[in-house]
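Here is the structure we will look at.
The values are calculated or read from the model by the stated rules, or taken from the named source; none is laboratory data. Given the structure is predicted, the values throughout are model-derived calculations rather than measurements. Reconstructed Cβ throughout: ideal geometry from the backbone, glycine too, with neighbour counts over all protein chains shown.
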Amino acid sequence: MTKDHKKYAAAAAACFLLLSQASPVWAQTGAGPGVVQIDSESGRLTAVGTVYSLDLLEAGTRIDKSQMAFSDAGRYFTVREIRRNDSVFQRINGRSYQDNDYISLESLRYLKVLHYNFDGEIQVGELIVHKDIAEDARNIFLELFDAGYQIQSMYLIDNYWTGDGVDSDSASIDANNTSAFCFRQSSDAETLSNHALGRAIDLNPQQNPYVSYRTGEPVWSHENADPYIDRDTGLPHVITHDDLAYQIFTKYGFTWGGDWQEPKDYQHFVKEDPASDRTFTPLSG
Ligand SMILES: [Zn+2]
């Protein structure tokens, strides 16, 4: 066995990855050599060897189907608590998460999932949602994965952080990123968004924009959505009542923003807590 063909065992007992090929440049991901390979031009991360767990793989990492150790993809889909000062907390603290009176860190869960991207490659995704809907969300994304449903990317909104929740959401939409939790007000600026409570998920926002019809004409704010205002084009990734995402989310008790009268929010699936008060006083400072 050569230097380039040694086994790499991760610290977690149930989780290890087998190094099967050499890599010229290793990602500075914290995952360690042997786990991922980074393309120096595109920055794309690709898993190396057989994958037994997503624990050490960042969102966005590509995995070939032949690298999956388990035919049951559900073994890769995890839900875990976020602890103060763990790596997820460090990414979100002061960004999508702030200590507040509405939602506690303890009530949020961090999900790792697999999804197909728009090139049909298997990719690692991540999501933060409320614990009450965490198992639902896990099972929804598992069903979508098993069906080959394509989602362009699933990174925490903090990867697009601009300093402000609403602006960061806008940046995430411009990148067509699927995300859920972000402590921010809603678009009307008068209530707390269901995203702030971890109860709403925005799916493929470019193809599924937020559209107001208040003036009688559609009004939208993201240019990348221009081809998707007409909902009857049959273009890929457009959510309609015939779309699998609509069918699976509603099966788990979510409602769809595409069913609202005004505005329409075609990317938005929400499972509200009827008891929650979303009257919002903006945080100071
Ligand atoms: Zn939304």
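List pairs: first residue in region 197-219 and modelled with pLDDT of 95 or more, second residue among the hydrophobic types (A, V, I, L, M, F, W, C) and near the ligand (Cβ under 9 Å from one of its atoms) anywhere in the structure, Cβ distance under 7 angstrom, at least six positions apart or on different chains.
Final answer for the pair search is G198/A180; R199/V270; A200/A180; A200/F269; A200/V270; I201/A180; I201/F269; L203/F269.
Go through region 166-181 and report how many residues are touching a residue at least 24 places away in the same chain (Cβ under 8 Å) and either within 14 Å of the chain's Cα centre (by Cα) or surrounded by 20 or more Cβ atoms within 10 Å (Cβ to Cβ) (or both).
At the first step, the residues of region 166-181 found to be touching a residue at least 24 places away in the same chain (Cβ under 8 Å) are 168-170, 172-174, 176-181.
If we keep only those that are either within 14 Å of the chain's Cα centre (by Cα) or surrounded by 20 or more Cβ atoms within 10 Å (Cβ to Cβ) (or both) too, we end up with 168-169, 172-173, 176-181.
Qualifying residue count, region 166-181: 10.
Taking Q206 as meeting all but one of (1) outside any helix (DSSP H, G or I); (2) within 9 Å of the ligand (Cβ to nearest atom), write down the number of the exception.
(2)
Test of understanding: among Y213, Y246, Y149, which residue is among the aromatic types (F, W, Y) and within 16 Å of the ligand (Cβ to nearest atom)?
Numbers: Y213 fails: within 16 Å of the ligand (Cβ to nearest atom); Y149 fails: within 16 Å of the ligand (Cβ to nearest atom).
Result: Y246 is the single residue among Y213, Y246, Y149 that is among the aromatic types (F, W, Y) and within 16 Å of the ligand (Cβ to nearest atom).
Among the residues of region 207-239, which ones are surrounded by 14 or more Cβ atoms within 10 Å (Cβ to Cβ) and closer than 22 Å to L142 by Cα?
Start the filter on region 207-239 by keeping residues that are surrounded by 14 or more Cβ atoms within 10 Å (Cβ to Cβ), which leaves 207-212, 218, 220, 222, 224-225, 228-229, 231, 237-239.
Once the filter is applied, which keeps residues that are surrounded by 14 or more Cβ atoms within 10 Å (Cβ to Cβ) and closer than 22 Å to L142 by Cα, region 207-239 yields Q207, N208, H237, V238, I239.
Could you list, in sequence order, the residues of region 117-161 that are in contact (Cβ under 8 Å) with a residue 24 or more places away in the chain, aromatic (F, W, Y) and not in a loop (DSSP other than H, G, I, E, B)?
Scanning region 117-161 gives F141, F145.
Suppose we keep only residues that are in contact (Cβ under 8 Å) with a residue 60 or more places away in the chain and part of a loop (DSSP other than H, G, I, E, B) within region 220-244. Which one would you say is farthest from F269 (Cα to Cα)?
Selected residue: P236.
Please state which of the following conditions L56 fails to meet, knowing it meets all the rest: (1) surrounded by 14 or more Cβ atoms within 10 Å (Cβ to Cβ); (2) modelled with pLDDT of 95 or more; (3) part of a loop (DSSP other than H, G, I, E, B).
(2)
Can you go through R91, R80, R62, R75 and tell me which one is in contact with a helix residue (DSSP H, G or I) (Cβ under 7 Å, 6 or more places away or on another chain) and modelled with pLDDT of 95 or more?
The match here is R91.
Let me spell it out: the conditions are (1) within 16 Å of the ligand (Cβ to nearest atom); (2) surrounded by fewer than 19 Cβ atoms within 10 Å (Cβ to Cβ); (3) touching a residue at least 40 places away in the same chain (Cβ under 8 Å); (4) farther than 13 Å from Y210 by Cβ, and E262 meets all of them except one. Which number is the exception?
(4)
Please indicate, with yes or no, whether at least one residue in region 223-237 is at negative phi and within 13 Å of the ligand (Cβ to nearest atom).
Our first condition is that a residue be at negative phi; within region 223-237, this holds for 223-233, 235-236.
Applying the additional criterion that residues be within 13 Å of the ligand (Cβ to nearest atom) yields none.
No: zero hits.
Could you list all residues from region 163-203 that are of a type in the set (S, T, Y) and near the ligand (Cβ under 10 Å from one of its atoms)? Working first, answer last.
If we filter region 163-203 for residues that are of a type in the set (S, T, Y), which is where we start, we get 168, 170, 172, 178-179, 186-187, 191, 193.
Once the filter is applied, which keeps residues that are of a type in the set (S, T, Y) and near the ligand (Cβ under 10 Å from one of its atoms), region 163-203 yields S179, S186, S187, S193.
Looking at D188, D232, D164, which one is at pLDDT 95 or above, among the charged types (D, E, K, R), out of contact with any helix residue (DSSP H, G or I) (no Cβ under 7 Å at 6 or more places or on another chain) and in the same structural domain as L105 (by TED's automatic domain parsing)? Even if it seems obvious, please write down each step before you answer.
Working: D188 fails: at pLDDT 95 or above; D164 fails: at pLDDT 95 or above.
The unique qualifying residue is D232.
Considering region 79-101 alone, what residues qualify as being surrounded by 15 or more Cβ atoms within 10 Å (Cβ to Cβ) and either of a type in the set (S, T, Y) or part of a strand (DSSP E or B) (or both)?
Hits for region 79-101 are V79, N93, S96, Y97.
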